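I have placed the structure first, in the form of structure tokens, so that the comments after it can refer back to it.
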Amino acid sequence: MKAIRVFFAVLALTIISATSMTANAQFRFGPKIGLNVSSLHFDKSTFDSENQTGFTGGLMMEFTVPVIGVGFDLSAMYVRRNAQFMQNNEVAKDKRDYIEIPLNLKYKIGLPVVGKIITPYLTTGPSVAFLTSKTGFDGFVKNKTFDAAWNFGFGVQLLNHLQVGASYGLGMTKAFKTVGVGNGSADIDAKNNYWTVTAAYLF
């Protein structure tokens, strides 16, 4: 997609700019944990979906160009996304496990005086996820093995190590399909949209 190509072009320029400042460049990594609230958005009104809470955990690395505060972060996360939806007054639940790899362009907003205590930041970038749990359940639902989204986020860095942030993931691919429901046998697709709140401690 065009948006993804633009992002990687910006990221490449950031990395090239950073190579001239390697002596002072900041490279850090550490654990990252959090909660997510996800919902399925179907392409037809046959189903009603409710928000469900899941969790995530893994490792994050961050590279920041000094002075200008621009860089990126890359994570490898285990993610549990739960879904609950209804058809004809019957409730169905789906628990999906993923290995997710989000890559974010990050801008840290330097603040005078208190910059070493608290630093706000903004993030955006693509995320890809690979299903590790079962692909189907209840005989008519099929989870896709690959999912992609674009994330928009914000947060604060505290005492130069702890980062607490929130992001919204806008699903770009079909993550879910129902097979042979409705008046005919047409398949019904759904995308993941989700909020994620995380805390990371970087060394």
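Some observations on this one:
- Selection within the range 95-119 - under 23 Å from LEU35 (Cβ atoms) and within 19 Å of the chain's Cα centre (by Cα): LYS95, ARG96, ASP97, TYR98, ILE99, GLU100, ILE101, PRO102, LEU103, ASN104, LYS106
- Positions within the range 59-85 being farther than 20 Å from ALA148 by Cα and hydroxyl-bearing (Ser, Thr, Tyr), in sequence order: THR64
- TYR98 in contact with a Phe, Trp or Tyr (Cβ under 7 Å, 6 or more places away or on another chain) and either at pLDDT below 90 or surrounded by fewer than 18 Cβ atoms within 10 Å (Cβ to Cβ) (or both): no
- Residues located in the range 108-160, provided they are of a type in the set (Ser, Thr, Tyr) and surrounded by fewer than 15 Cβ atoms within 10 Å (Cβ to Cβ): THR132, SER133, THR135, THR145
The values are calculated or read from the model by the stated rules, or taken from the named source; none is laboratory data. Just so it is clear, the structure is predicted and the values come from calculations on it, not from any experiment. Ideal geometry is used to build each Cβ from the backbone, glycine not excepted, and the neighbour counts take in all protein chains shown.
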